[in-house]
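Chemist: Here it is, the structure in full.
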Amino acid sequence: MLSIARITMLQGLKDAKFLFLSCLVILAFVVNAFVYSEGYSSSHREWQEAVQANSSELEQKLGNLQRFATHYQKLVKPPSAGAFIADGGERELPDSWTVSAFLNMEPEKTIRGNRMLPLLGRFDWGFIVGTLMTLLAFLVSFDAVCGEKQDGTLKHVLACPVSRIDLFLGKYAGMLAILLLVLLSGMAAGLLLIVLFGSIPLSEGIVWAIGWAFALSALCLSLTLLFGIFISSAVHHPPVAMVILLVVWILITVAVPGLARLLGEQVISVKSEFEIRRESEAAHDEVLDSAPEKAKYQHNDPFHKDNPLRAEMWRSSMAAVQRILDRSNETRLRQFEIVNAFASISPSCLLNSSLQDVVATGAPSFSALKNAARRYQQQLFDFTARRDATDSETPHLIYAHYTFTDVGVFSRRPVEPGAFPRAEDLWRSGGLPQEQSQPIWQLVIFFVLNLNMALVAFIALARYDPR
Amino acid sequence: MFRVLLWKEIREHLITFRFAAALVTTFVLVVVSVWVLGDDFQRRRDNYTKISEEAARATGEVKIPSMLEPIVHYPPSPLGIFASGEEKALGNAVRIQRWEVPSEATDSLTDNPLLTAIPSFDLLAVFTLITSLFGIILTYDSITGEKERGTLRQMCATVAGRWRLYAAKFVAGVVVLSIPTILSFVSGLVVLRFIHNINFGSAQWFAIVFMLGAGLLFGAVFIALGLMCSALVNRSPTALILSLLLWALGVLIIPLGAVSLATAFHKLPPHSEIIKLQKVTADEVNAEIDPQFGKEIDKARAAGGLDINGALSTEAPGIFMMDGNPNAFNLYRVLIRLMERLWQGRAERIWNLEKEHEARLREQRDFVNMFSSPAPAFYLRDIFTSLAGTDYSSHASFLERARRFRSGMLRIFREKGYFDRNAIEFISRVPQEEALSEQKFAARQASPGYRESLDLDSLEPLGSDLIPAFESSASTPHFQDTIRPAAVLMFMVLLFFSVGQVAFIRYDVR
């Protein structure tokens, strides 16, 4: 078996086409490192500026707790340092959220690149491995068995005292070894450049993510390789094997994500912004209609006896609006996740989505932003309540209607700079949001798929009749 | 002779497994994508109708001219079903404000902004990836295969001539590839017409024919490429790998890498710099307004009877006033005169900054275009999006129309003297001479039921006659923009064809 593996490996390595394609893949890793180092440093700078702009605006509101609490802040998510592994659509996804102590509104896009550039996709490790290297795996394996069938060498090999399982494992191991060699050298070249550029912080989280990326990529490549061997064993002519593999390749890399999006949009319907606005207005009107008449009048005296009713009315109106906004954001996220789940029938998409889990980009990044917005709103509200509790001159009725408050119903004392919760403290310093997770399940799925595919490929080889 | 050769080649292609694969794959993908994107288009169109009707209603219900801030919309393009382009990323609604020149649009039709992160799988994507791939798969072994089987020698020995042989192979490839292309496209159109009931105008039908033509031309590029590789090398697997490599470069790697590389090479100053500058100019304007306005307030105070207590804010763009004493009215008139001049001037200055920024964005885009110029996929995308009206220039022309609409609105306001002599009419419904007369004010105050702040709801709306409506026409296909990319694609066909032809002529049968 080892000698077969060695022969396969040597044959593959000395093949000019293979060398050429491998160079292309390694070059892709180098370009990736270059592009994402530059991109990270510029978007990180933009993030810092956005944070700065937000806090300088906030500082103008510090003179009065009421103005501070009703001020709409922009909570901006820092760019993910792991985007070079899995970009997850950082350029297109919303990256900020408008938050006050009373409401967290809608996601929006703050850090933007050039809107004139076409939205084509990305050049991350997920693309290099999931698209370019799977093609390489198919190119390596398409004539592994049927090429020998055609040349007639397979008959001779089978006539030797070599069992078919040895033959199968030897070929598989040899081809996997050269693919992993390319993967490792590409990753090493890319990482070397990233270290040299020095703009992406290689924190512990990123190092772990790189480890995960290698493991998942290796499993994904092994799966495509096994599929290649299966097709190569099942058919008799290399061109037929190649055509089948190319069609499969185009389906798994391009068609499946697109079709999954189309399907996801059919399965879960999302309300348009127009409908959401209408719904919030209706909910707001409903609360106001059912509120007692006494609550509707504004009084100059914050201690007026009707003010608790008024507080109740505005609180429930804001809560109703918040529920509608939360639900719509929840549905959007669910639709996005369902699209990703549909797409995961393709190994290259499964690889991409698990890499996104590792570095917390894509859907995990959005849910991190959503949770951060909720958490920050709570922090602001708690802070306002705490500050107000120390002020004996107010009725302690903390409420607002969007940015409007009744004067004096809660404290109007100045806020000390440095005492209030800051949005940027919500993000960990390493550049990765806290939602980073370990894709154990995806690893298991890849492993099981590999075992199944190995079995199928071996059966296809074992069924070959040399006559 | 040529006809015989052509017919033989076509027949040989038609019975292959690859042709069947091409037919089935293209058909299924096109029909599914057109079906679902047609559905998506209908949803967006419904959203558009609702939103634009609501915006028109809101504009019609405005009570005070200074509160007039119409929202204009860009309708979704029906041809966007075939090429979504940048349509969903660029937005489609603009609020027309006096103190801001619109430089960007917001999106109100896309239901889920998260899905913009997934490239949509439209007809353009099918043509770009699938048709081109099958172009290569069909032809990579048409010469090497015959070399290997030894039939090429015999063919070269006939009177057919190498030129005819090669041309027959090329034409046969184009004809065979056009079968799945045309068939799937027509089925897509049938789906749109009979299931979604989407009708196209005559210009759009022309655009559809152009799209189909561009798709076939694009397919021909890859047929010529596959044949060229087949003529250049001796073994089919080598030809396949060479042509696949070129395919991957021309369809995937160059267009993708061009965007990434251009953004890394040609850096942009971040947009936050502009926002910072905007803040600086705002502060400058405020610094200019505040002392002048302070002087006016002092003057009014000296004239007596003014209780204004800072209720006037220089930050509120929609200031309006229902009723008040003549002194306050007069003060407002001064305020409008000051503010409108300064804030509209500020809007112009910021717009100049935005224009500079846009010029830099355009430079970066030119870089991308330069990097992607070797890729045929780039030209196909260019043709499709400019026909569908989903490219950046269609969006830019919408923004330009929105800006013209804004300046038209401001011209009307100026002609009516809203920013100087008739400023009171601009912010209040009280007639000017009445507003400025002490006696009339006293009489109004004495009348029964007088309230200082009138109920806005009780006023009659201004109606829609004040400013003309916005022409929200959908974009027309830009046929002239397709000439250059189509010519380049044609040139690529010729280039690959001639290189292949020369290589084939140089083939030595011994």
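Chemist: Cβ-Cβ distance below 7 Å, separation of 6 or more or different chains: which pairs start in the stretch B:472-496 with a residue that is over 11 Å from B:Tyr379 (Cβ atoms) and end on one that is exposed (fewer than 14 other Cβ atoms within 10 Å of the Cβ) and among the basic types (Lys, Arg)?
Modeler: none
Chemist: Here are B:Ser66, B:Ser52: which of them is touching a helix residue (DSSP H, G or I) at 6+ places or on another chain (Cβ under 7 Å) and of a type in the set (Gly, Ala, Ser)?
Modeler: Result: B:Ser66 is the single residue among B:Ser66, B:Ser52 that is touching a helix residue (DSSP H, G or I) at 6+ places or on another chain (Cβ under 7 Å) and of a type in the set (Gly, Ala, Ser).
Chemist: Still on this structure, please answer the following. For the stretch B:102-124, which residues satisfy the criterion of being assigned to a helix (DSSP H, G or I) and either at the interface with chain A (Cβ under 7 Å from one of its Cβ atoms) or of a type in the set (D, E, K, R) (or both)?
Modeler: Selection gives B:Pro113, B:Leu114, B:Leu115, B:Thr116, B:Ala117.
Chemist: Scan A:Phe410, A:Phe381 and give me the residue that is of a type in the set (Phe, Trp, Tyr) and in contact with a Ser or Thr (Cβ under 7 Å, 6 or more places away or on another chain).
Modeler: That would be A:Phe410, the only listed residue that is of a type in the set (Phe, Trp, Tyr) and in contact with a Ser or Thr (Cβ under 7 Å, 6 or more places away or on another chain).
Chemist: Something else: Looking at the stretch A:369-411 only, could you name the residues that are under 36 Å from the mean Cα position of the chain (by Cα), surrounded by fewer than 18 Cβ atoms within 10 Å (Cβ to Cβ) and among the basic types (Lys, Arg)?
Modeler: Within the stretch A:369-411, A:Arg374, A:Arg375 qualify.
Chemist: Do you know which of the residues in the stretch A:15-57 that are among the hydroxyl-bearing types (Ser, Thr, Tyr) and either at the interface with another protein chain (Cβ under 8 Å from one of its Cβ atoms) or under 20 Å from the mean Cα position of the chain (by Cα) (or both) is surrounded by the fewest Cβ atoms within 10 Å (Cβ to Cβ)?
Modeler: Ranking the qualifying residues of the stretch A:15-57, first place goes to A:Ser41.
Chemist: Restricting to the stretch B:348-394, count the residues that are outside any helix (DSSP H, G or I) and more than 12 Å from chain A (Cβ to nearest Cβ).
Modeler: Of the residues in the stretch B:348-394, 3 are outside any helix (DSSP H, G or I) and more than 12 Å from chain A (Cβ to nearest Cβ).
Chemist: Shifting gears a bit: Count, please, the residues in the stretch A:92-111 that happen to be out of contact with any Pro (no Cβ under 9 Å at 6 or more places or on another chain) and either within 11 Å of chain B (Cβ to nearest Cβ) or not hydrophobic (A, V, I, L, M, F, W, C) (or both).
Modeler: Counting residues in the stretch A:92-111 that are out of contact with any Pro (no Cβ under 9 Å at 6 or more places or on another chain) and either within 11 Å of chain B (Cβ to nearest Cβ) or not hydrophobic (A, V, I, L, M, F, W, C) (or both) gives 2.
Chemist: Mind listing just one residue for me: the one in the stretch A:114-152 that is polar (S, T, N, Q) and more than 29 Å from the chain's Cα centre (by Cα) and, of those, nearest to the other protein chains (Cβ to nearest Cβ)?
Modeler: Among residues in the stretch A:114-152 that are polar (S, T, N, Q) and more than 29 Å from the chain's Cα centre (by Cα), the one nearest to the other protein chains (Cβ to nearest Cβ) is A:Gln150.
Chemist: Hey, could you check the stretch B:253-292 for residues that are within 22 Å of B:Glu348 (Cβ to Cβ) and among the hydroxyl-bearing types (Ser, Thr, Tyr) and say which is farthest from the other protein chains (Cβ to nearest Cβ)?
Modeler: Result: B:Thr281.
Chemist: Please report, ordered by residue number, the helices (runs of 4 or more DSSP H) entirely within the stretch A:134-226 with at least 2 residues that are at pLDDT 85 or above and over 23 Å from A:Asn450 (Cα atoms).
Modeler: A:164-197
Chemist: If A:Glu106 meets every condition in (1) at pLDDT below 85; (2) in a helix (DSSP H, G or I) apart from one, which number is that one?
Modeler: (2)
Chemist: Any residue at all in the stretch A:71-92 that's of a type outside the set (A, V, I, L, M) and assigned to a helix (DSSP H, G or I)?
Modeler: Yes, the stretch A:71-92 has at least one match.
Chemist: Given (1) more than 14 Å from chain A (Cβ to nearest Cβ); (2) closer than 27 Å to B:Leu380 by Cα, where does B:Trp99 come up short, assuming only one miss?
Modeler: B:Trp99 satisfies every listed condition except (2).
Chemist: Only one residue in B:Leu216, B:Leu240, B:Leu246 is in a helix (DSSP H, G or I), surrounded by fewer than 24 Cβ atoms within 10 Å (Cβ to Cβ), in contact with a Ser or Thr (Cβ under 9 Å, 6 or more places away or on another chain) and assigned by TED's automatic domain parsing to the domain that holds B:Tyr140. Which one?
Modeler: Exactly one residue qualifies, and that residue is B:Leu216.
Chemist: Would you pick out the residues in the stretch A:200-235 that are of a type in the set (Ser, Thr, Tyr), over 17 Å from the mean Cα position of the chain (by Cα) and closer than 15 Å to A:Asn352 by Cβ?
Modeler: A:Thr224
The values are calculated or read from the model by the stated rules, or taken from the named source; none is laboratory data. As the structure is a computational prediction, the values presented were derived from the model and not from experiment. Note: ideal-geometry Cβ built from the backbone for every residue, glycine included; neighbour counts use all protein chains shown.
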